[in-house]
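Chemist: Here it is, the structure, as structure tokens.
The values are calculated or read from the model by the stated rules, or taken from the named source; none is laboratory data. Worth saying up front: this structure is predicted, and the values here are computed from it rather than measured. Here Cβ is always computed from backbone atoms with ideal geometry, including for glycine, and neighbour counts include all displayed protein chains. Surface areas here come from the heavy atoms of the whole protein model, side chains and all, with no ligands, DNA or RNA. Shrake-Rupley method; radii C 1.70, N 1.55, O 1.52, S 1.80 Å.
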Amino acid sequence: MTIDWRYTVEDHLGVLSVAGHLGPDAVRRFTGAVGWALVRGTGPVVVDLTELRGWSAEGQLAITDAARRLAQAGRGLELAAIPADGSLVPTGDGPPIPVHADLPAALAAHGARHGEPAEARRSWRTTGWPDGDRNPRATPSQDLMNC
């Protein structure tokens with residue numbers, strides 16, 4: 001089982017929405033999504049886990065590695081809507097990873113209002129991301145093949 005993702009550039013932050021199971025088979029795909037976010041946005045990246053069905057220890061390590069990569073680029077990583085078990089245990093040697101109850105709370109923490117249009121929003125997604133948009137803030141997306 002793997003993941004699908006959508007990356008949306010907001011005015012001053014990025015939202016990386018992840019769906020599926022972040023297990024060993026999905027780590028490479030998640031790492032690629034973080035790379036996509038690194039080159040296409042600025043500011044912090046909120047990883048929206050609303051549609052994540054679960055994660056493995058390898059998936060959790062991929063998130064802490066992503067926080068390190070973003071910190072090296074002068075950007076932060078934050079989580080929204082972690083799986084119900086709340087099992088993220090970041091290692092003590094990495095950057096802090098703020099956790100928000102859900103995506104609207106994460107956006108509010110950055111002064112963004114859920115549901116209001118942003119000036120310059122762009123969005124990319126894997127081809128497996130559903131056509132029915134789960135994020136009412138997103139605009140039409142560019143589909144990506146095999147990301």
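Chemist: Can you name the residue in the stretch 77-87 that is at pLDDT 90 or above and not small (Gly, Ala, Ser) and, of all such residues, is farthest from residue 45 (Cα to Cα)?
Modeler: The residue in question is 79.
Chemist: Follow-up question, since we're still on this one. When the residues of the stretch 88-111 are filtered to those that are among the aliphatic types (A, V, I, L, M) and open to solvent by less than 50 Å² (accessible area, probe 1.4 Å), which remaining residue is modelled with the lowest pLDDT?
Modeler: 88
Chemist: Output the number of the condition that residue 137 fails; it satisfies all remaining conditions of (1) surrounded by 18 or more Cβ atoms within 10 Å (Cβ to Cβ); (2) modelled with pLDDT of 90 or more.
Modeler: If we test residue 137 against (1) surrounded by 18 or more Cβ atoms within 10 Å (Cβ to Cβ); (2) modelled with pLDDT of 90 or more, just (2) comes out false.
Chemist: Same structure, new question: With (1) at pLDDT below 95; (2) surrounded by fewer than 16 Cβ atoms within 10 Å (Cβ to Cβ); (3) closer than 17 Å to residue 31 by Cα as the list, and residue 53 as the residue in question, which single condition is left unmet?
Modeler: For residue 53, the failing item is (3).
Chemist: With within 16 Å of residue 74 (Cα to Cα) and touching a residue at least 40 places away in the same chain (Cβ under 8 Å) as the only criterion, which of 52, 13, 38, 22 stands out?
Modeler: 13
Chemist: Of the conditions (1) in contact (Cβ under 8 Å) with a residue 40 or more places away in the chain; (2) open to solvent by less than 10 Å² (accessible area, probe 1.4 Å), residue 59 satisfies every one except a single condition; which number is it?
Modeler: The failed condition is (1).
Chemist: Please go through the stretch 24-46 and pick out each residue that is surrounded by 18 or more Cβ atoms within 10 Å (Cβ to Cβ) and either in contact with a helix residue (DSSP H, G or I) (Cβ under 7 Å, 6 or more places away or on another chain) or among the basic types (Lys, Arg) (or both).
Modeler: 26, 27, 29, 30, 34, 45, 46
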